[in-house]
Amino acid sequence: MPVLKILTYPDERLRQVSAPVERFDERLLERIADLEETRLDGPAAVGIAAPQVGWFERVVIVDVSGRKNTPNHGRLVLVNPEIVDWEGYVVGREGCLSVPDYTGNVIRAERIRLQAQDPDGRHREFDMEGFEARAVQHELDHLDGLLFLDRLVSRRRDLFRRKTYR
Amino acid sequence: MSDWFMVTLAGKDRPGIVAQVTGALYEAGCNLGETSMMRLGGNFGVLLMAQTDKGAAELEAALRPVADELGLSLHLEPVDPQLHRHPEPDVCITVHGADRAGIVAQVTRAAADAGLNILDLESDIGGTEDEPVYVLHIEGTAAGGVDALRQALEPLQAGGIKVEVRPIDTLIG
């Protein structure tokens with residue numbers, strides 16, 4: 001299994017909207033395995049989205065289970081994920097495999113309800129919060145061509161920029 | 001030959017300082033590195049990294065007329081740029097309370113002794129002239145750990161200031 005090349009900003013391909021997965025087959029499982037190997041090869045990434053490796057389908061992997069005191073659902077491979085409900089907001093620091101040597105503050109929902117399919121196409125639903133919910137929101141943004149840079153708030157102050165989120 | 005300089009400008013605040021300073025640098029063929037610019041009281045301070053292949057004298061010649069026109073002090077210092085090597089902060093410290101002399105010195109002394117390396121610090125005085133409120137925000141790396149830092153700063157709260165030490169959990173995704 002190869003470690004894939006990570007696209008880095010300002011590569012325009014990171015800006016495209018990814019297509020839903022329609023075929024749940026052996027090829028999908030192979031590509032997911034490559035994506036996971038690529039995530040693990042990098043610097044402690046808790047998530048990765050398919051478009052970061054030039055695969056423009058709606059697949060992300062999130063795993064915050066290696067962190068202390070962090071509620072989590074283990075390693076999640078999320079296919080065609082969608083946030084169907086959210087609550088609260090919190091500022092946190094984010095970086096990205098696709099944006100080396102820069103981190104910034106981003107506002108995310110504190111709790112989310114997520115619907116997704118697993119790699120075999122089964123429908124799943126999760127309620128999640130905190131760091132795991134943040135990781136999912138970060139990865140889902142990639143599927144819509146968004147980076148955390150699009151959501152930056154002031155690093156020096158917890159002031160919220162007056163911007164309407166897309 | 002390409003050289004990097006740390007350029008500092010400071011003086012009374014007025015509209016257009018940033019546009020004029022950076023415009024002069026651009027016209028002189030300079031590149032900007034990391035910068036920090038802010039209003040402090042009624043004053044404006046600029047700290048910026050500038051790259052030029054024409055040397056310090058040319059850089060100063062480009063900026064001097066603008067600095068003089070805007071009434072800003074100007075200082076240049078050759079530096080090693082070290083760009084693209086950001087250390088990641090793992091702790092943030094917020095301090096606030098009634099303003100009194102020595103808060104920054106006490107907090108940063110105790111923090112440094114507990115292993116803190118400051119990456120970013122800003123402080124402000126709010127409230128009124130009669131009842132000023134001091135707010136200090138620090139981000140840095142805690143070589144001795146966040147808990148050790150919290151313990152080191154805890155006693156300062158007895159002096160009537162509120163000290164909060166929180167880890168920064170940077171998400172990489």
Give the aspartates and glutamates whose C-alpha is closer than 19 Å to that of B:Lys12, dropping any in the same chain fewer than 8 places away, or say none. B:Asp68, B:Glu69, B:Asp124
Probe 1.4 Å, protein heavy atoms only: B and A together bury a total accessible area in Å², to the nearest 100, of 1700 Å²
Give the dimensionless ratio obtained when the Cα radius of gyration of the range B:91-167 is divided by 2.2 N^0.38 Å. 1.05
Å² of accessible area per residue within chain B, as computed with a 1.4 Å probe and no ligands counted: 55 Å²
Furthest towards positive pole of dipole, A:Val62, A:Val46, A:Gly104, structure part the range A:12-153, Cβ charges: A:Gly104
Angle, helix A:26-41 long axis vs. longest principal axis of chain A, Cα atoms, 0 to 90°, nearest 10? 40 degrees
Report, as an integer, the average count of C-beta atoms from other chains found within 10 Å of each Cβ along A:88-100. 3
Between rounded, prolate and oblate, where does chain B land on the alpha carbon gyration tensor, with a ≥ b ≥ c its root eigenvalues, rounded for a/c under 1.5, else prolate if a/b exceeds b/c? oblate
By the C-alpha gyration tensor axes a ≥ b ≥ c (rounded if a/c is under 1.5, else prolate when a/b exceeds b/c, else oblate), the shape of the range A:1-89 is rounded
Mind putting a number on the dipole of the range B:91-167 about its Cα centre? Charges go on the C-beta only, +1 for Lys and Arg and -1 for Asp and Glu, and I need it in Debye to the nearest 20. 320 debye
Which trypsin sites (Lys or Arg not before Pro) in the range A:73-151 sit in a loop by DSSP (not H, G, I, E or B) and have at most 10 other Cβ atoms within 10 Å of their own Cβ? A:Arg122
Given +1 on the Cβ of Lys and Arg, -1 on the Cβ of Asp and Glu, and no further charges, what dipole in debye does the protein assembly as shown carry about its Cα centre, rounded to the nearest 20? 400 debye
Rounded percent of accessible protein surface that carbon and sulfur make up, the range B:45-173, 1.4 Å probe: 52 percent
Averaging the inverse of every distinct alpha carbon separation and then flipping it gives the Kirkwood radius. What is it for the protein assembly as shown, in angstrom units? 23.0 Å
Per-selection metrics, the range B:3-79 (Cα): Rg and Dmax in Å: 11.4, 35
In whole Å, largest first, what are the principal axis extents of the Cα atoms in the range A:101-143? 36, 21, 12
Distance between modelled label sites at A:Val84 and B:Thr141, nm, 7 Å Cα→Cβ extension: 4.5 nm
Any idea what the alpha-carbon Rg over 2.2 N^0.38 Å comes to for the range A:12-153? 0.97
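The values are calculated or read from the model by the stated rules, or taken from the named source; none is laboratory data. None of these values were measured; they are calculated from a predicted model. Please note: Cβ atoms are built from the backbone with ideal geometry, for glycine as well, and neighbour counts cover all protein chains shown. Note: areas computed on protein heavy atoms with side chains; ligands, DNA, RNA excluded. Shrake-Rupley method; radii C 1.70, N 1.55, O 1.52, S 1.80 Å.
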